[in-house]
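Please read the structure below before turning to the comments.
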Amino acid sequence: MATSMKRDFIPLFTPDIQESDIDAVAAVLRSGMLVQGKNVQLLEERFCEITGANNAVAVSNGTATLHLMLHALGICGGDEVIIPAFSYVATANAIELVGATPVFVDIEPYTFNIDVSKVEALINENTRVIMPVHEFGLSANLGPLRELAKKHNLILLEDAACAVGSDYMGAATGKESFGASFSLHPRKAITSGEGGIIVTHDEGFANHLRILRNHGIEMVEGEMDFVEAGFNYRMTDFQAALVLNQTQRLHEQIAHKQKIAQIYLQQLNTHYMHLPETPSYAAHTWQTFHVVLHDKIDRKKVIAELKNAGIGANYGAQCIPATTYYKEIYNYNSQIDFPQAYRAYTQGLALPMFPGITEEEAIFITEKINQITEKEYAK
Ligand SMILES: *Cc1c(COP(=O)(O)O)cnc(C)c1O
């Protein structure tokens, strides 16, 4: 998996596409059967194996998974959906797109996941859904959220876009979920190019999602009936073949990334940055390795200096209420309202982490970043 060839530039991320993945795609292209078909079905079966869920529904991208779940549940204007303030903007956009209101919660500072102690105070008669994000490949603390959802009669959905292969208390993400969804974008662990997949233990919900992804078509006694105004959120069959072949390597790649993360955790100088924390209830799958630089350190300069040293590093995720659209319509002051999310947004730094990175490269990266942050700290 890891090559020993020295490269000029270590990227932040690069997808692992092998010849066998390309062959799998080419075989579908040669067959002429391009749209949702056999490979999509095999991919869905494979995700049931990976997650332990009973049903999987593949769609065109990760944002579509979130939009489709919320739409299928009838979430609409006047409804509120509770989400963490720190995530990719798609988490909040999906809520806006069904006309509902995202209600942001600050995060724990170093797991980067929703602070469950702050959720209950935000629940009111308009709340319909709690949607934690399993940020950077680490499960949120689902136990307390499941209890809150039960107590207040809310639906718990999981934005597991970055977290394929992760777990909570030893149960794979998706296994005990009403709705958990994964993105298959190239920046995630395994990729179909664009793609996403929802898993659920609720068969009725799964069937509704299948109808909605395909123009509202329901097959009744072998006949096509159009029972609802649906979307075209289908995945193509060659995309499904691409990611299906990669699923064979998923757990091996996670194990490799865990080894790289150990090097980072042991070698990075905690005087100049806070390291990510992994709670006892979950294993980290390291879609992203994200540190928070000391407040004295200028992140832009660190990124530029790392680039000069041949290392790709960049911001991790957004404090969504601090982005222009959300700031303007909801009038947040994120620095005060969501201090941990704001700090992760302004001082956070994602370091190279991908299946092909070598241990030597990881050691080189830690040496460089320790030197650069020490210098910037002293300024
Ligand atoms: C990537 C991501 C999405 C969106 O997935 P796409 O496939 O890019 O649409 C949604 N939520 C989170 C947390 C993500 O990281």
*Any number yet on Rg/Rh for the range 1-79, C-alpha, Kirkwood?*
1.11
*asked:* Heavy atoms of the protein only, probe of 1.4 Å, neighbouring chains included. What is the accessible area of Leu349 in Å², nearest 10?
replied: 0
*For Glu158, residues with placed amide H under 5 Å, excluding near neighbours*: Gly179, Ala180, Ser181
_Out of the GluC sites (Glu not before Pro) in the range 213-279, which ones are loop residues according to DSSP with at most 15 other C-beta atoms within 10 Å?_
Glu221, Glu228, Glu277
*Would you calculate the separation in nanometres between label points at Asp298 and Gln267, each defined as 7 Å from the Cα along the Cα-to-beta-carbon direction?*
2.7
*Which log10 I(q)/I(0) values, to two decimals, does the range 1-134 give at q = 0.13 Å⁻¹ under the Debye formula with one point per Cα?*
-0.82
*May I ask you to evaluate 6.51 cos²θ - 1.76 cosθ + 1.60, the Karplus curve with θ = phi - 60°, for each residue of the range 124-137 and list the ³J(HN,Hα) values in order in whole Hz, giving x for glycine and proline?*
9, 5, 8, 5, 10, 9, 10, 10, x, 10, 8, 5, 6, x
_Over 10 Å intervals from 0, what percent of Cα-Cα pairs in the range 150-268 sits in each interval?_
12, 32, 33, 17, 5, 1, 0
*State to the nearest 20 debye the size of the charge dipole of the chain about its Cα centre, where the only charges are +1 on K and R beta carbons and -1 on D and E beta carbons.*
1020
*Accessible surface, 1.4 Å probe, highest first, among residues Leu42, Leu138, Leu275*: Leu42, Leu275, Leu138
*Assuming a viscosity of 0.692 mPa s and a temperature of 37 °C, what translational diffusion coefficient in µm² per second does Stokes-Einstein assign to the range 80-214, Rh being the Kirkwood radius over Cα pairs?*
217
*asked:* How many angstrom lie between the Cα centre of the range 67-146 and the Cα centre of the range 193-255?
replied: 23
*Rg and Dmax of the chain over Cα atoms: what are they, in angstrom?*
20.9, 74
*From phi via Karplus (6.51, -1.76, 1.60), per-residue ³J(HN,Hα) for the range 188-196 in Hz, x at Gly/Pro*: 9, 4, 10, 9, 10, x, 9, x, x
*asked:* Quick query: amide H of Asn55 versus all other amide H atoms, modeled in the peptide plane; which residues come in under 5 Å with a sequence gap of 5 or more or a different chain?
replied: Thr200
*What lysines sit close enough to Lys307 to cross-link, taking a C-alpha to C-alpha distance under 24 Å and skipping anything fewer than 8 places away on the same chain?*
Lys6, Lys188, Lys257, Lys259, Lys296, Lys368, Lys375, Lys379
_For the range 188-248, what are Rg and Dmax over the alpha carbons, in angstrom?_
13.7, 39
_Rg/Rg_ref, the range 120-189, where Rg_ref = 2.2 N^0.38 Å and atoms are Cα_ = 1.13
*For Phe289, list long-range residues whose amide hydrogen, built 1.01 Å from N in the peptide plane, is under 5 Å from its own amide hydrogen.*
Leu351
*Check each of the GluC sites (Glu not before Pro) in the range 42-132 and keep only those in coil by DSSP with at most 15 other C-beta atoms within 10 angstrom; list them in order.*
Glu125
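The values are calculated or read from the model by the stated rules, or taken from the named source; none is laboratory data. Note that the coordinates shown come from a computational prediction; the quantities given were computed from them, not determined experimentally. Cβ: placed from backbone, ideal geometry, glycine included. Neighbour counts: every protein chain shown. With ligands, DNA and RNA removed, areas are computed over all heavy atoms of the protein, side chains included. Shrake-Rupley method; radii C 1.70, N 1.55, O 1.52, S 1.80 Å.
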